[in-house]
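Just below is one structure, and these are the notes that go with it.
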Amino acid sequence: MEIASKYNPRAVEEKWYSFWLEKKLFHSEPDRRKPYTVVIPPPNVTGVLHMGHMLNNTIQDVLVRRARMMGKNACWVPGTDHASISTEAKVVKMLAERGINKRDLSRDEYMKYAWEWKEKYGGIILNQLRKLGASCDWDRTAFTMDDIRYESVIRVFVDLYNKGLIYRGARMVNWDPQALTAVSDEEVIYKESHGKLFYLKYFVDGEDKYIVVATTRPETIMGDTAVCVHPEDERYQWLKGKKVIVPGVGRVVPIIMDEYVDREFGTGALKITPAHDINDYNLGMKYSLDSIDIFNDNGTLNDNGGKYAGMDRFACRKAIMKDLEEAGLVEKIEDYENKVGHSERTDAVIEPKLSTQWFMKMSDIAKKALEVVEDGTIKFHPEKFKNTYRHWLENIKDWCISRQLWWGHQIPAWYLPEGGFVVAENADDALRLAKEKTGNANLTAADLRQDSDCLDTWFSSWLWPLSLFNGILEPDNDEIRYYYPTADLITAPDIIFFWVARMIMAGEEYAHQVPFRNVYFTGIVRDKLGRKMSKSLGNSPDPIELINKFGADGVRVGMLLTAPAGNDLPFDEALCEQGRNFSNKIWNAMRLVKGWSVDENLPQSEENRTSLLWFESHLNKTLASIEDDFSKYRLSNALMTTYKLVWDDFCSWLLEMIKPAYQKPIDKATYDTVIALFEKLMCMLHPFMPFITEEIWHILGERPDTESIMIATMPKAQSFDENIIKDFETAKEVIIGVRGLRNSKGISPKEVLHLCERGNGGNAFDGIIIKLCNIDGIERVADKVENALSFMVGSTEYYVPFSQNIDKEAELKKLEEELKYTEGFLNSVMKKLSNERFVNNAPEKVVAVERQKQADAEQKIAALKAQIEALK
């Protein structure tokens, strides 16, 4: 079999992904095996792959592939989210390009265009995930608005309404004037704003006196219906029972006194605009104040804005301030920094707005969701996110679930001709309920009008782990009983409220058990300057271009090498290059091994036998460490440990130790064992690097195309010999010591040296030391050797008699510098050990480490002094 001299990622990736799909190796059906279920956090149907997706889905794929190799029935379900606001914006833009205005379309006409857009562009991100190697069960691909998911959402809405958990009411909501819809509290992002604090004069009605009121939003004064001061504020006691005139408006409004007012803010007097501030709204309810809405849905002023009607709110701010200054009604203006709410979807500044919306009561349903995280039924990795989760659930507010959009799940409420409404799963049920409610048997479907709003996108994705297995419509079906609850959820911490908490609530409400056991929170991918990656900064590389440049395996390794759970990932393309280099290293190691000629009659040397025993023990010890890392979701550590095992221990040490001499054969026993070890390593690496490991695994075993490493057995840690591992660590230091002497003294690798050892009784790896150091033997001596270079390994001293070409002066200088450094190091250790507080309070192990440092340093100092004396 001819093996390519260079690894070609693109050809290998296309070949094996097609093979996996053709053989349906990603597909899962319920059977007798233990299930391992993961549901993909559904990316927006509008989305394309970005670095956050890359990280999240690489982690999912690692866990899924590993579970599959451990004999579990792995089921990774993919899908996309309909993303109401984002998709509506895309569709409106498409219509505009065709010269069509959404307002000119009926709902049904609009929805046809929306589905057209979805079918054309909605699958891009899932196809991109295939390039990454994602082993999703594509046969199960779902969409939050497909038939099963749509019907599930409607059924849950009706059920929760009937339970009294969903209600319709007029409340202050967060209004997005760009998307023209209400958004929930969790969809508001607060950003630092460099604004102004405007001090305005409110004259007392009937008097030539005024008070100064500070506001950040002078454009809302047309909606002012009171001024509020603190009842204990001595500055304003004289205003009790009086009224003031709203500047520029002329409206006379009452002075109210309430402890809500912060006496330290501004002047301690607060303008009250009940229609445009949640706190003002609450005061308005308390004191029965008028509520004057001055804004249109798009953020322009309505007829209540007087001469400013039709003007954008921010343009109005400038115009009003100009008019007020000319009228002498401005006391002063100061720079002011505060946090302003922005829509998470459109980045528009949120406008508090009094609006009739649909809400879901959250207080009771949230209690169980908190309990299952607090008691450890669901574990967070890292655990620090429990505090964030707890804070939100303990301060939860009712969820505004209606959106003034068409693309989404239309609210299943039908309004009656004479007022009121009914809630039902479909029009037929609605008509039946309407007849019962009104007592009018002559009502027809045409008499009813369905609510035009749709539900919040998160109202469908909170059901995701249940609805993917049809657990809402058929709660006792075979699949929901087998695959639910899922195993692990991998997600970003920024949707812990939007999604994680709500899925837990839905699981408890509709399956009476949690939807997953573990939640792994990824960090934010940042550039090497620490900035969050974004299109606007231009610092976010195209993941597909990275894959084309470095190979999917290289990019996966690059992403995971610095991705500890919950911590931000400082991404650098050099990491992907490191991943690609790792692929090349493995490929070249495979070519080396497969290039050896095998002599079946050649007996195995003792050196080869010992070398293989060492590596087998080291591999099993490493496996135990990796298994521990996976159990604690330390995937980055697990990868780094595997990386070092392959690159350092296997490629750089074992293959060098057993490599036959030039043009000489290798014995069959050694060759077969090396192939078996190489295959084990490929299995260990496969979850991280699926493509190259599949290719090499087939080449090593010359397997038929019917087999796949994907379903091979993941090696498990066996017992190991700690002594042989320690012996080799000593041998390794000796080899490094001799090679270091050669390099520092310019001695040719071809020059055969002699090695003397003082203070040890030999090592099982003497033959390996001789081979890799090119020495004529190891002589055990009782006394120090004169005219020799030396180095220490532990308490054992090694000598290499030097030839005439050694520069004694340079060597003396180097040894004296090393002695000075070591004495300084010993001095710092002794300072710590002479500190009684440290010795008495530090853990015993920590003190023991410091005492060992002292002993090692003292030994080294003695050896260095002896070497210096020998050279003088």
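The values are calculated or read from the model by the stated rules, or taken from the named source; none is laboratory data. Given the structure is predicted, the values throughout are model-derived calculations rather than measurements. Backbone-built Cβ (ideal geometry, glycine too); neighbour counts: all protein chains shown. All accessible areas refer to the heavy atoms of the entire protein, side chains included, with ligands and DNA or RNA removed. Shrake-Rupley method; radii C 1.70, N 1.55, O 1.52, S 1.80 Å.
So for region 347-425, averaging the separation of alpha carbon pairs under 8 Å that are six or more residues apart and normalising by length, what relative contact order in percent results?
Details: 52 pairs, mean separation 25.2, N = 79.
After rounding, I find 32 percent.
Take the solvent-accessible surface of the protein heavy atoms, probe 1.4 Å, and return the percent of it on region 826-872 that carbon and sulfur atoms account for.
50 percent
Which shape class applies to region 410-452: rounded if a/c is under 1.5, otherwise prolate when a/b exceeds b/c and oblate if not, where a ≥ b ≥ c are the square roots of the Cα gyration tensor eigenvalues? The partial results should precede the final answer.
Working: a/c = 1.72, a/b = 1.44, b/c = 1.20.
Verdict is prolate for region 410-452.
Considering the options HIS754, MET682, ALA309, tell which one lies farthest towards the positive end of the dipole of the chain, charges being +1 on Lys and Arg and -1 on Asp and Glu at the Cβ, about the Cα centre.
So the residue we want is HIS754.
Using the charge dipole of the chain (Lys, Arg: +1 at Cβ; Asp, Glu: -1 at Cβ; taken about the Cα centre), state which of ALA348, TYR110, SER291 has its Cα farthest towards the positive end.
The residue sitting most towards the positive pole is ALA348.
Given a 1.4 angstrom probe, I'd like the percentage of the accessible area of region 51-117 that is carbon and sulfur, rounded to a whole number. Spell out each step's value before the answer.
Working: 1230 of 2460 Å².
Reported share for carbon and sulfur atoms: 50 percent.
Before anything else, pin down the relative contact order of the chain: Cα pairs under 8 Å, at least 6 apart, normalised by residue count, whole percent.
Working: 1457 pairs, mean separation 106.3, N = 872.
Answer for the chain is 12 percent.
What is the distance in Å between the Cα centres of region 406-439 and region 649-698?
The two parts, judged by their Cα centres, are 69 Å apart.
When the distances between all Cα atoms of region 416-562 are binned every 5 Å from zero, what whole-number percent does each bin get?
P(r) over region 416-562, rounded to whole percents: 2, 7, 11, 11, 10, 11, 13, 11, 8, 5, 4, 4, 3, 1, 0.
Which aspartates and glutamates have a Cα less than 13 Å from the Cα of LYS368, not counting those fewer than 8 places away in the same chain?
Candidates past the 8-residue exclusion: GLU394, GLU508, GLU509.
Using +1 at the Cβ of each Lys and Arg and -1 at the Cβ of each Asp and Glu in the chain, identify which of LEU700, ALA269, TYR799 lies farthest towards the dipole's positive end.
Final value for the positive-end residue is TYR799.
Per residue, how many Å² of accessible area does region 1-59 show with a 1.4 Å probe? Intermediate results must be reported in sequence, preceding the final value.
Working: 3050 Å² over 59 residues.
Averaged over the residues of region 1-59, the accessible area is 52 Å².
Pairs to check: LYS594/LYS659; LYS120/LYS532; LYS594/LYS726; LYS680/LYS716. Give those whose C-alpha atoms are more than 21 Å from each other in this structure.
Values: LYS594/LYS659 12 Å; LYS120/LYS532 30 Å; LYS594/LYS726 30 Å; LYS680/LYS716 10 Å.
Check vs 21 Å cut-off fails for LYS120/LYS532; LYS594/LYS726.
Compute the long axis of helix 668-685 from its Cα atoms, compare it with the longest principal axis of the Cα atoms of the chain, and write down the angle in degrees, 0 to 90, nearest 10.
Around 20 degrees separate the two axes.
Using only Cα atoms, tell me the angle between helix 808-833 and the longest principal axis of the chain; keep it within 0 to 90° and round to the nearest 10.
Helix 808-833 sits at roughly 50 degrees to that axis.
In straight Cα distance, which aspartates and glutamates are under 16 Å from LYS201, not counting same-chain residues fewer than 8 positions off?
Those aspartates and glutamates meeting the cut-off are GLU219, ASP224, ASP323, GLU325, GLU326, GLU331, GLU334.
Placing +1 at every Lys and Arg Cβ and -1 at every Asp and Glu Cβ, with all other atoms neutral, what dipole size does region 568-641 have around its Cα centre, in debye to the nearest 20?
Values: 8 positive and 12 negative charges, 21 e Å.
That gives region 568-641 a dipole magnitude of about 100 debye.
Pop a pseudo-label 7 angstrom from the Cα along the beta-carbon direction at both ASP146 and ASN518 and give the gap in nm to one decimal.
2.8 nm
With all protein chains present, how much of the accessible area of region 689-797 (probe radius 1.4 Å) comes from carbon and sulfur, to the nearest whole percent? The partial results should precede the final answer.
Numbers: 2400 of 5100 Å².
Carbon and sulfur together cover 47 percent of it.
What figure, in Å² to the nearest 10, do you get for the accessible area of PHE650 with a 1.4 Å probe and non-protein molecules left out?
Estimated to the nearest 10 Å², PHE650 gives 0 Å².
Using 0.36 nm per residue of separation minus the Cα-Cα distance, give me the extension gain between ASP428 and LYS6 in nm, one decimal. All intermediate terms of the calculation are to be shown ahead of the outcome.
Numbers: separation 422, 0.36 × 422 = 151.92 nm, distance 6.64 nm.
Taking 0.36 nm per residue and subtracting the Cα distance, the gain is 145.3 nm.
Counting Lys and Arg as +1 and Asp and Glu as -1, each charge on the Cβ, what is the dipole of region 262-332 about the Cα centre in debye, to the nearest 20? Provide the component values of the computation, followed by the final result.
Values: 9 positive and 13 negative charges, 27 e Å.
The dipole magnitude comes to about 120 debye.
Excluding ligands and nucleic acids, what accessible area in Å² is computed for LYS240 using a 1.4 Å probe, to the nearest 10?
Accessible area of LYS240: about 150 Å².
Pick the calculated Cα Rg over 2.2 N^0.38 Å for this structure from (i) 1.26; (ii) 1.01; (iii) 1.10?
Label (i) holds the value from this structure.
Solvent-accessible area per residue for region 530-601 at a 1.4 Å probe radius, Å²?
I get 44 Å² per residue for region 530-601.
Would you give the gap between the C-alpha center of region 206-261 and the C-alpha center of region 548-589, rounded to a whole Å?
Comparing the Cα centres of region 206-261 and region 548-589, I get a distance of 63 Å.
Kindly sort TYR287, TYR510 by accessible area of their heavy atoms, largest first, with the probe set to 1.4 Å.
Working: TYR287 75, TYR510 50 Å².
Correct descending sequence by accessible area is TYR287, TYR510.
Per residue, how much accessible area does region 223-370 show when a 1.4 Å probe rolls over the protein heavy atoms, in square angstrom?
Result: 49 Å² per residue.
Using only the C-alpha atoms of region 166-301, find the volume of their convex hull and express it per residue in Å³. Write out the running numbers ahead of the final one.
On the way: hull volume 18.7 nm³, N = 136.
Hull volume normalised by residue count: 137 Å³.
List the pair-distance distribution P(r) of region 612-667, using every Cα-Cα distance, as the percent of pairs falling in each 10 Å bin from 0 up to the bin containing the longest distance, rounded to whole percents.
23, 42, 23, 10, 3
Please report Rg over Rh for region 221-364, where both radii come from the alpha carbon positions and Rh follows the Kirkwood definition.
Working: Rg = 16.5 Å, Rh = 17.0 Å.
Computed over Cα atoms, the ratio is 0.97.
So which aspartates and glutamates can LYS437 reach, going by Cα to Cα under 13 Å and dropping same-chain residues fewer than 8 places off?
GLU418, ASP429
Quote the accessible area belonging to TYR482 in square angstrom, nearest 10, computed with a 1.4 Å probe and with ligands, DNA and RNA left uncounted.
40 Å²
Take the residue pairs LYS72/LYS386; LYS34/LYS163; LYS191/LYS379; LYS831/LYS865 and return only those whose Cα atoms are more than 25 Å apart. Could you put the intermediate results ahead of the total?
Values: LYS72/LYS386 29 Å; LYS34/LYS163 36 Å; LYS191/LYS379 31 Å; LYS831/LYS865 23 Å.
The answer is LYS72/LYS386; LYS34/LYS163; LYS191/LYS379.
Subtracting the Cα-Cα distance from 0.36 nm times the residue separation, let me have the gained length for GLU869 to ARG217 in nm, one decimal.
Working: separation 652, 0.36 × 652 = 234.72 nm, distance 8.34 nm.
The GLU869-ARG217 span can extend by a further 226.4 nm.
Mind pulling the angle between the C-alpha long axis of helix 313-326 and the longest principal axis of the chain? Nearest 10 degrees, somewhere in 0 to 90.
Computed tilt is about 60 degrees.
Cα gyration tensor of region 352-421, axes a ≥ b ≥ c as square roots of the eigenvalues: rounded (a/c below 1.5), prolate (a/b > b/c) or oblate?
On the way: a/c = 2.75, a/b = 2.67, b/c = 1.03.
Prolate.
Which value, in debye to the nearest 20, describes the size of the charge dipole of the chain about its Cα centre when Lys and Arg Cβ atoms bear +1, Asp and Glu Cβ atoms bear -1, and nothing else is charged? Spell out each step's value before the answer.
Details: 112 positive and 132 negative charges, 155 e Å.
Computed charge dipole of the chain: roughly 740 debye.
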